[in-house]
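Heads up, the thing below is written out as structure tokens.
The values are calculated or read from the model by the stated rules, or taken from the named source; none is laboratory data. Nothing here was measured: the structure is a model prediction, and the numbers come from that model. Here the Cβ positions follow ideal geometry from the backbone for every residue, glycine too, while neighbour counts run over all protein chains shown.
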Amino acid sequence: MLNRYPLWKNLLIVMVLVIAGIYAAPNLYPEDYAVQISGSRAIHQVDDRVMAQSVSLLEQEGISFKSAELENEAGMIRFDSSDAQLRARAALTRGLGENYVVAMNLAPTTPDWLTALGARPMTLGLDLRGGVHFLMEVDTDQAVAQRLEVYASDIRTTLREQRIRYRSVDLDDSGRLIVRFADAEARDQAQSRLRRDYQEFAFESAQQDDAWFLHVTLNEQSVREIEDYAIQQNLTTLRNRVNELGVAEPLVQRQGRNRIVVQLPGIQDAAAAKRVIGQTANLEFRLEAMSDASRAATEVFQFRNDPDRRATLERDIIITGSSVANANATFDENGMPQVSITLDARGGQMMSRVTRNAIQRRMAVVFVEHKTRTVTERIDGEMVERRIPYTEKRLISLATIQSVLGNQFRITGLDSPRESSELALLLRAGALAAPIYFVEERTIGPSLGAANIEMGVTSVKIGFALVLVFMALFYRVFGLLANVALTLNLVMIMAVMSMLGATLTLPGIAGIVLTVGMAVDANVLIFERIKEELRSGAPVQSAIHSGFSRAFSTILDANVTTLIAAVILFAMGTGPVKGFAVTLSVGIVTSMFAALVITRALVNLTYGGRKLQKLGL
Amino acid sequence: MIHIKREFNFMGARRIAAIISIVLLLVSIGSLAINGLKLGLDFTGGSLVEVTYERPVELEDVRSQLRAGGYGDAVVQTFGSANDILIRLGEAHDPQLGQKILEVLQQDADAGVTLRRNEFVGSQVGEELREQGGLGLLVALIMVMIYLAFRFQFKFSVGAVLALAHDVIIVLGFFSLMQIDFDLTVLAALLAVIGYSLNDTIVVYDRIRENFRILRVSEPVEILNTSLNQTLSRTIVTSLTTMLVLVVLAIFGGEMIYGFAIALLAGVIIGTYSSVYVAGNILLLLKVTREDLIPPPPKEEEEEELVP
């Protein structure tokens, strides 16, 4: 019969709606203000004892809380107000000490049966919950230069071992290593030797006056590899550091070729976060120079905590901090602070090779910090920002080598347990393989986030209500049916967004509002078609039928083109714009389903299979 | 209830419409060339600090405070209410600036000033976002053109895309004339305008295509007029509901979403106009004929299958 859906079709629609309802439901439960307690390191687990301590700390301070429980090895304490949350965080940070990290969080209050089904609320973007967003650029040129420095000392060692006499090995500004020789024979010998050892190099010979040169450059592929490695390494390091900060649900992600985006929800002190994240330090291990070493092979460094003290070190770097696999602050037999270090395989080899001939000499740990000055210059009448990088190198320890060092050794001669634990932390969290610069920073205060949510929700409510009233007045019974479909459409948008784990941003809310306005379109197209059919004298049932089927291709074309725009928006956009693109795309798909399937089903249920002379349209 | 019984002679006014469009385009392009867009922080790079005071403050006080702190070039304005102050600084400042500004303002101990938002965008990032945004618009236009050429016919795809370019340029011109901040959210709105305006144009084109096949009148002008009249009430209803929510968004959505709502509102108005007057007009200029749509693809049967 015309305009009747078979039972299975109706059941299918009901099923889709039930599922949508379940997955949209978690968004109805307001989030609790909460603090999350986690161990700063694997050995400091949060257990019942810690929780009991936390609870008694809160009771001492007279801060009331809703609940305190262990969730996934982290303590979660919920509060009624953000004020209580702030005070609790301060009290717990003080009371629990450095071994535990106390982070502010918004805890979902989704009931257990919903969580069991995998339903969870939408994640709120930084513009809605407050927090810090950093975009950092990795200086990959520096990473390549650093690697070349290591190559330079490798080349020196090789040439020495092969007894090929050279004058110097230097790095020039354009990323070339220049090896200088006294005669052509030594140069040719060196070239054939190095060519065999290093596949990644391209060689070029040159001669000037009575000096012979070998220009060594890295090939394109190796440069790319070093860059990729540097970014991966930086990502790992940043993740470690962010974990030390104790942020709930942080985001650390590569963006584009050489950028890294870091988002820290709930963090308000951007400056403090930046100090920890942006620490662009690295370590170098070098031997102290012998007293008879030539000037060209040595370098003088100041001590970090005593600028008046200096030491002369060899120019060759044994290993850098990136070879450290693990580091712990411990005490030696005499109760003196030390740092136990485990190196990776390559680092261990290098270390044992060098220290074999250096027992009773002293080894230094150099703290290398990359800093930049930003200057503004007028070039061609335009103000141009220019960064001038410079490197600061300071000694942090100088200790005697007692035996051949393998991949495990200790650094002693440290002044205090504090020094040893700081050094261990730096080595463990890892140094950045290449310097980073902050190229974008956004801090959104929690009050602004809350205000944004409120304004967004208000707009959705009012806009939605107005559209419903308008439709009901304009299309009467059909308008009411469309309104039911529109409401279900909103539920479906929420459900899909939650299922995708998409982040809701302010432009995202705007996207929902816009979808509400535009979702009407498909219904309007259908209803107008039905009206037309009626005007041209078609019987009621067939007017409904052909109204839907004729509007279909129009609706499809119109929505596919909009979808194309939304997908491009998603592909090209970043952050908030992406959020808008997601809601818009989801909205287009669900509103098509709502108009073509749900409205149709409702119309069928209302009018289908009956003899009608008139329609409420 | 609106019942539109009268047949409007839309295409009769096509010369006037063409003149209006050309004037609007010239004004827009002129303003874009002379005033340019007032690019927001996202595209220029620089720093922006939003602070909120416990009670309303005088802008002049904030300015003099900043001047004393060494930030004479800061642009200070209210943002939404008299308690909220937005401070913008030029391109060449360091990322720590926001914090420093806050410290300067907090020296006045009883002011009760708190940080709401602090943004820094490097000039290079701004430049890239600018390029990416332009590229995004271009890619969207090209993709849509390809889809339409495939679904309709080449002339239709040219018509739709020209109508679209018309809308986008005029909305940009509007932003340039009114000197409203053009930031990332506004760019997103502009892309949504593309979606919306296309939607409108396609509904009309769809009808024109259908009428070319079923109506036995030979004059394209007549077919266009009939099609526009048939889709008129739909055009009005959809534009009204969309504008309704956008006005709500502009009023209740807050300052951060205001530019977005205004851009879309302008886009919806101009998009509605262009789907009636511009899109059809271009088809006539391109001398669309029935032969362009023949042989028609075997659509009718296929449709029956697809309808749920």
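Would you be able to say whether some residue in the range B:206-215 is among the basic types (Lys, Arg) and facing another protein chain (nearest Cβ under 9 Å)?
As a first pass, look at the range B:206-215 and keep what is among the basic types (Lys, Arg): B:207, B:209, B:213.
Right, trim to facing another protein chain (nearest Cβ under 9 Å) and you get B:207.
Yes, there is a match, as at least one residue in the range B:206-215 is among the basic types (Lys, Arg) and facing another protein chain (nearest Cβ under 9 Å).
Kindly establish whether B:Leu224 is in contact with a Lys or Arg (Cβ under 7 Å, 6 or more places away or on another chain) and modelled with pLDDT of 80 or more. Full working, then the answer.
Working: in contact with a Lys or Arg (Cβ under 7 Å, 6 or more places away or on another chain): no; modelled with pLDDT of 80 or more: yes.
For B:Leu224, the condition - in contact with a Lys or Arg (Cβ under 7 Å, 6 or more places away or on another chain) and modelled with pLDDT of 80 or more - is not met.
What about A:Tyr166, is it aromatic (Phe, Trp, Tyr) and out of contact with any strand residue (DSSP E or B) (no Cβ under 7 Å at 6 or more places or on another chain)? Let's see the steps before the verdict.
Values: aromatic (Phe, Trp, Tyr): yes; out of contact with any strand residue (DSSP E or B) (no Cβ under 7 Å at 6 or more places or on another chain): no.
Considered against the rule, which asks whether it is aromatic (Phe, Trp, Tyr) and out of contact with any strand residue (DSSP E or B) (no Cβ under 7 Å at 6 or more places or on another chain), A:Tyr166 comes out as no.
Just wondering, is there one or more residues in the range A:57-71 that are small (Gly, Ala, Ser) and touching a residue at least 60 places away in the same chain (Cβ under 8 Å)?
First pass over the range A:57-71, keeping only residues small (Gly, Ala, Ser): A:62, A:64, A:67-68.
From the residues that got through so far, the ones that are touching a residue at least 60 places away in the same chain (Cβ under 8 Å) too are none.
No, that holds for no residue.
Say we look at the range A:239-297 and pick out the residues that are charged (D, E, K, R) and assigned to a loop (DSSP other than H, G, I, E, B); which of these is modelled with the highest pLDDT? Quick ask: steps written out before the conclusion?
Narrowing the range A:239-297 to residues charged (D, E, K, R): A:239, A:241, A:244, A:249, A:254, A:257, A:259, A:269, A:274-275, A:284, A:286, A:288, A:292, A:295.
Imposing the further condition that a residue be assigned to a loop (DSSP other than H, G, I, E, B) reduces the set to A:249, A:257, A:269, A:292.
Values: A:Glu249: 75, A:Arg257: 79, A:Asp269: 69, A:Asp292: 82.
Taking the candidates together, the pick is A:Asp292.
Check the range B:110-123 and report whether any residue there is assigned to a helix (DSSP H, G or I), closer than 25 Å to B:Leu187 by Cα and at pLDDT below 80. Give the derivation first.
Of the residues in the range B:110-123, the ones assigned to a helix (DSSP H, G or I) are B:110-111, B:123.
Now narrow it down to the ones that are closer than 25 Å to B:Leu187 by Cα: B:123.
The next check asks that each one be at pLDDT below 80; those that pass are B:123.
Among the residues of the range B:110-123, at least one is assigned to a helix (DSSP H, G or I), closer than 25 Å to B:Leu187 by Cα and at pLDDT below 80, which makes the answer yes.
Quick test for you: out of A:Ser81, A:Ser54, A:Ser64, pick the one residue that is surrounded by 15 or more Cβ atoms within 10 Å (Cβ to Cβ) and among the small types (Gly, Ala, Ser).
After ruling out the rest, the residue left standing is A:Ser54.
Within the range A:532-552, count every residue that is within 8 Å of chain B (Cβ to nearest Cβ) and touching a residue at least 24 places away in the same chain (Cβ under 8 Å).
Looking only at that region, the number is 2.
Counting only residues that are facing chain A (nearest Cβ under 9 Å) and either among the hydroxyl-bearing types (Ser, Thr, Tyr) or in contact with a helix residue (DSSP H, G or I) (Cβ under 7 Å, 6 or more places away or on another chain) (or both), how many does the range B:97-125 have?
Within the range B:97-125, the first condition is being facing chain A (nearest Cβ under 9 Å), and the residues that meet it are B:98-99, B:114-125.
Filter again for either among the hydroxyl-bearing types (Ser, Thr, Tyr) or in contact with a helix residue (DSSP H, G or I) (Cβ under 7 Å, 6 or more places away or on another chain) (or both), leaving B:99, B:114-121, B:123.
Matching residues across the range B:97-125 total 10.
Answer yes or no: is there a residue in the range A:553-574 that is at positive phi and within 11 Å of chain B (Cβ to nearest Cβ).
If we filter the range A:553-574 for residues that are at positive phi, which is where we start, we get none.
Scanning the range A:553-574, I find no residue that is at positive phi and within 11 Å of chain B (Cβ to nearest Cβ), so the answer is no.
Filter the range B:126-168 for residues that are surrounded by fewer than 19 Cβ atoms within 10 Å (Cβ to Cβ), among the β-branched types (Val, Ile, Thr) and facing chain A (nearest Cβ under 7 Å) and give the result.
If the condition is that a residue be surrounded by fewer than 19 Cβ atoms within 10 Å (Cβ to Cβ), among the β-branched types (Val, Ile, Thr) and facing chain A (nearest Cβ under 7 Å), then B:Val139 is the only one that fits.
Do we have any residue at all in the range A:326-346 that's within 17 Å of A:Asp415 (Cα to Cα), among the small types (Gly, Ala, Ser) and under 30 Å from the mean Cα position of the chain (by Cα)?
So in the range A:326-346, the residues within 17 Å of A:Asp415 (Cα to Cα) come out as A:328-340.
Now drop any that are not among the small types (Gly, Ala, Ser), which leaves A:329, A:335, A:340.
If we keep only those that are under 30 Å from the mean Cα position of the chain (by Cα) as well, we get A:329.
Looking through the range A:326-346, at least one residue is within 17 Å of A:Asp415 (Cα to Cα), among the small types (Gly, Ala, Ser) and under 30 Å from the mean Cα position of the chain (by Cα).
What are the residues in the range B:238-287 that are aromatic (Phe, Trp, Tyr), touching a residue at least 60 places away in the same chain (Cβ under 8 Å) and facing another protein chain (nearest Cβ under 8 Å), if any?
B:Phe260, the sole residue that qualifies.
Just to be sure I understand, how many residues within the range B:53-87 are within 14 Å of chain A (Cβ to nearest Cβ), on the phi < 0 side of the Ramachandran plot, surrounded by 13 or more Cβ atoms within 10 Å (Cβ to Cβ) and out of contact with any Pro (no Cβ under 9 Å at 6 or more places or on another chain)?
Here is the first cut: in the range B:53-87, the residues within 14 Å of chain A (Cβ to nearest Cβ) are B:53-54, B:73, B:79-81, B:83-87.
Remaining after also requiring on the phi < 0 side of the Ramachandran plot: B:53-54, B:73, B:79, B:81, B:83-87.
Among the residues that remain, those that are also surrounded by 13 or more Cβ atoms within 10 Å (Cβ to Cβ) are: B:53, B:79, B:83-87.
Of the ones still in play, those that are also out of contact with any Pro (no Cβ under 9 Å at 6 or more places or on another chain) are B:53, B:79, B:84-87.
Selection size over the range B:53-87: 6.
Can you find a residue in the range A:85-108 that is of a type in the set (D, E, K, R) and loosely packed, with under 15 Cβ neighbours inside 10 Å? Break it down into steps so the answer makes sense when it comes.
We begin by selecting, within the range A:85-108, every residue of a type in the set (D, E, K, R); these are A:87, A:89, A:94, A:98.
From the residues that got through so far, the ones that are loosely packed, with under 15 Cβ neighbours inside 10 Å too are A:94, A:98.
Looking through the range A:85-108, at least one residue is of a type in the set (D, E, K, R) and loosely packed, with under 15 Cβ neighbours inside 10 Å.
Determine whether A:Ser323 is modelled with pLDDT of 85 or more and of a type outside the set (Phe, Trp, Tyr). Give the steps one after another, and end with the answer.
Numbers: modelled with pLDDT of 85 or more: no; of a type outside the set (Phe, Trp, Tyr): yes.
So A:Ser323 fails the test.
For the range A:1-112, please list each of the strands (runs of 3 or more DSSP E) lying entirely inside it that holds at least 2 residues being within 23 Å of A:Ala273 (Cβ to Cβ) and in contact with a Ser or Thr (Cβ under 8 Å, 6 or more places away or on another chain).
On the way: elements: A:32-39, A:67-71, A:74-79, A:100-107.
Of the strands (runs of 3 or more DSSP E) lying wholly inside the range A:1-112, those with at least 2 residues that are within 23 Å of A:Ala273 (Cβ to Cβ) and in contact with a Ser or Thr (Cβ under 8 Å, 6 or more places away or on another chain) span A:32-39, A:74-79, A:100-107.
Please return the ranges of strands (runs of 3 or more DSSP E) entirely within the range A:118-227 where 3 or more residues are surrounded by fewer than 16 Cβ atoms within 10 Å (Cβ to Cβ).
Details: elements: A:131-138, A:168-171, A:177-181, A:201-208, A:211-218.
In the range A:118-227, A:201-208 are the strands (runs of 3 or more DSSP E) which contain 3 or more residues that are surrounded by fewer than 16 Cβ atoms within 10 Å (Cβ to Cβ).
In the range A:498-612, which helices (runs of 4 or more DSSP H) lie fully inside it and hold 3 or more residues that are under 30 Å from the mean Cα position of the chain (by Cα)? I'd like the intermediate steps shown before the answer.
Working: elements: A:506-535, A:540-572, A:575-593, A:600-607.
Those helices (runs of 4 or more DSSP H) span A:506-535, A:540-572, A:575-593.
Could you please let me know if B:Val171 is under 13 Å from the mean Cα position of the chain (by Cα) and more than 8 Å from chain A (Cβ to nearest Cβ)?
On the way: under 13 Å from the mean Cα position of the chain (by Cα): yes; more than 8 Å from chain A (Cβ to nearest Cβ): yes.
Yes; evaluated as a whole, the condition is true for this residue.
Filter the range A:70-83 down to the residues that are modelled with pLDDT of 85 or more and over 16 Å from A:Tyr100 (Cα atoms) and list them by number.
A:Arg78, A:Phe79, A:Asp80
Going by the structure shown, is A:Val460 facing chain B (nearest Cβ under 8 Å), among the aliphatic types (A, V, I, L, M) and touching a residue at least 40 places away in the same chain (Cβ under 8 Å)? Spell out how you get there, then give the answer.
Working: facing chain B (nearest Cβ under 8 Å): no; among the aliphatic types (A, V, I, L, M): yes; touching a residue at least 40 places away in the same chain (Cβ under 8 Å): yes.
No.
Could you give me the residue pairs with C-beta distances under 8 Å whose first residue belongs to the range A:296-314 and is hydrophobic (A, V, I, L, M, F, W, C), whose second residue is outside any strand (DSSP E or B) and surrounded by 14 or more Cβ atoms within 10 Å (Cβ to Cβ) wherever it lies, and which are 6+ apart or on separate chains?
Listed by first residue and then by second, the contacts come to A:Ala296/A:Arg315; A:Ala297/A:Ala289; A:Ala297/A:Arg315; A:Ala297/A:Asp316; A:Leu313/A:Ala289.
Looking at B:Gly195, B:Gly159, which one is touching a helix residue (DSSP H, G or I) at 6+ places or on another chain (Cβ under 8 Å), free of Cβ contacts under 8 Å to residues at least 12 places away in the same chain and assigned to a helix (DSSP H, G or I)? Show your work before the answer.
On the way: B:Gly159 fails: free of Cβ contacts under 8 Å to residues at least 12 places away in the same chain.
Within the list B:Gly195, B:Gly159, the selection yields B:Gly195.
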